[in-house]
Amino acid sequence: LYEDAKIVLTRHQALMGHLRERSNVVRGRVRLGIPPVILPVLFSQLIPKFMAEHPGIELEIIEEGAFELKRRLLLEELDLAILIEPGESYGIERFRLIEDEVVVAVRPNHPFQGKEALSYSDIGNEPLVILNDRFMLHHQILSEFRKVQQEPNIFFMSGAWDLLIGMVQELDVISILPEPILRFHHADDIKIIPFEPPMLWDVSLNRLVGTELRPVVRHVHQYIVHYFQSFWPTPVR
């Protein structure tokens, strides 16, 4: 009886250990909103890495512009959202992931190619190819032109940043894009010129204020923040 009891106790301890292990495994579905303009640039490595490490978590990616993502986050249709905008938003808590710059992109033989920096006054009369009004950057650009009391000469708008880069490569136009997008594209035949003063490009992870995150959502939140703190290179001017 004593020997049988030892076997039962050993197996009981093993069983309780397995139950504790399973209770610590995070499972469930998380709805994460990401603007399509940065999805391949910033998340092409993070998402497959996360999915390989967390087979029990279903990561649902919703691709929309910043305005729509913010609206859906406030309506609790999203658990987390990646937003590209400066400043705070009422009811939303933001965790900055990246602070980089928006720059001017021109062909190497463009008259601006020798400039070390540009202002919005400098480019006011140039034909511009920029992201359309579904993107926060579009509205930031128009706001900067209003500050210098100039009407931008918009030649073309698109939601595809690779198309805009292609137009800069082929035509005598300029574009205004985040520098990480140009680095991702490896656009060696494009001259990148910063703004003076610098125009910052903030990428943040956002959640609703005052809501208790489910354990699976909290885990995804922590994972994304840690990933960018650990793996994203510090921008160098």
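For the stretch 136-156, the candidate set comprises residues that are of a type in the set (A, V, I, L, M) and touching a residue at least 40 places away in the same chain (Cβ under 8 Å); within that set, the residue that is nearest to residue 177 (Cα to Cα) is 137. Of the helices (runs of 4 or more DSSP H) lying entirely inside the stretch 33-119, those carrying at least 2 residues that are more than 29 Å from residue 195 (Cα to Cα) are 46-53, 66-74.
A quick yes/no check of all residues on (1) buried (at least 19 other Cβ atoms within 10 Å of the Cβ); (2) more than 23 Å from the chain's Cα centre (by Cα):
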position: 112; (1), (2): no, yes
position: 115; (1), (2): no, yes
position: 118; (1), (2): yes, yes
position: 123; (1), (2): yes, yes
position: 138; (1), (2): yes, no
position: 151; (1), (2): no, yes
position: 162; (1), (2): no, no
position: 174; (1), (2): yes, yes
position: 180; (1), (2): yes, no
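Residues checked against (1) among the charged types (D, E, K, R); (2) in the same structural domain as residue 80 (by TED's automatic domain parsing); (3) part of a loop (DSSP other than H, G, I, E, B):
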residue: 122; (1), (2), (3): yes, no, yes
residue: 143; (1), (2), (3): no, no, no
residue: 146; (1), (2), (3): yes, no, no
residue: 169; (1), (2), (3): no, no, no
residue: 182; (1), (2), (3): no, no, no
residue: 188; (1), (2), (3): yes, no, yes
residue: 207; (1), (2), (3): yes, yes, no
residue: 210; (1), (2), (3): no, yes, yes
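Results for (1) closer than 30 Å to residue 60 by Cα; (2) not acidic (Asp, Glu), shown as yes or no for each residue.
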site	(1), (2)
82	yes, yes
100	yes, no
112	no, yes
117	no, yes
125	no, yes
129	no, yes
134	yes, yes
141	no, yes
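Of the residues 189, 202, 162, which single one is closer than 16 Å to residue 138 by Cβ and either modelled with pLDDT under 90 or not acidic (Asp, Glu) (or both)? Let's see the steps before the verdict.
Working: 189 fails: closer than 16 Å to residue 138 by Cβ; 162 fails: closer than 16 Å to residue 138 by Cβ.
Exactly one residue qualifies, and that residue is 202.
From the list 96, 134, 107, which residue is touching a Ser or Thr at 6+ places or on another chain (Cβ under 6 Å) and of a type outside the set (A, V, I, L, M, F, W, C)?
Details: 134 fails: touching a Ser or Thr at 6+ places or on another chain (Cβ under 6 Å); 107 fails: touching a Ser or Thr at 6+ places or on another chain (Cβ under 6 Å).
Being touching a Ser or Thr at 6+ places or on another chain (Cβ under 6 Å) and of a type outside the set (A, V, I, L, M, F, W, C) holds for just one of 96, 134, 107, which is 96.
State which residue is surrounded by the fewest Cβ atoms within 10 Å (Cβ to Cβ) when the search covers only the stretch 186-197 and only residues that are touching a residue at least 24 places away in the same chain (Cβ under 8 Å) and of a type outside the set (Gly, Ala, Ser).
From the stretch 186-197, those touching a residue at least 24 places away in the same chain (Cβ under 8 Å) are 187, 189-196; that's our starting set.
From what's left, of a type outside the set (Gly, Ala, Ser): 189-196.
On the way: 189: 10, 190: 20, 191: 19, 192: 14, 193: 20, 194: 17, 195: 19, 196: 12.
Once the filter is applied, the top-ranked residue is 189.
Let's see how each residue does on (1) acidic (Asp, Glu); (2) over 17 Å from residue 206 (Cα atoms); (3) at pLDDT 90 or above:
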position: 3; (1), (2), (3): yes, yes, yes
position: 18; (1), (2), (3): no, yes, no
position: 22; (1), (2), (3): no, yes, no
position: 25; (1), (2), (3): no, yes, no
position: 32; (1), (2), (3): no, no, yes
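Please list, ordered by first then second residue, the pairs with beta carbon atoms under 8 Å, 6 or more apart or interchain, first in the stretch 112-133 and in contact (Cβ under 8 Å) with a residue 60 or more places away in the chain, second polar (S, T, N, Q) and part of a loop (DSSP other than H, G, I, E, B). The qualifying pairs are 120/150.
Consider residue 216 carefully, then state whether it is under 16 Å from the mean Cα position of the chain (by Cα), over 19 Å from residue 40 (Cβ atoms), assigned to a helix (DSSP H, G or I) and of a type in the set (Val, Ile, Thr). Spell out how you get there, then give the answer.
Details: under 16 Å from the mean Cα position of the chain (by Cα): no; over 19 Å from residue 40 (Cβ atoms): yes; assigned to a helix (DSSP H, G or I): yes; of a type in the set (Val, Ile, Thr): yes.
Judged against the criteria, residue 216 is not a match.
The values are calculated or read from the model by the stated rules, or taken from the named source; none is laboratory data. Predicted model, so just to flag it, every value in this text is computed and none were measured. Cβ: placed from backbone, ideal geometry, glycine included. Neighbour counts: every protein chain shown.
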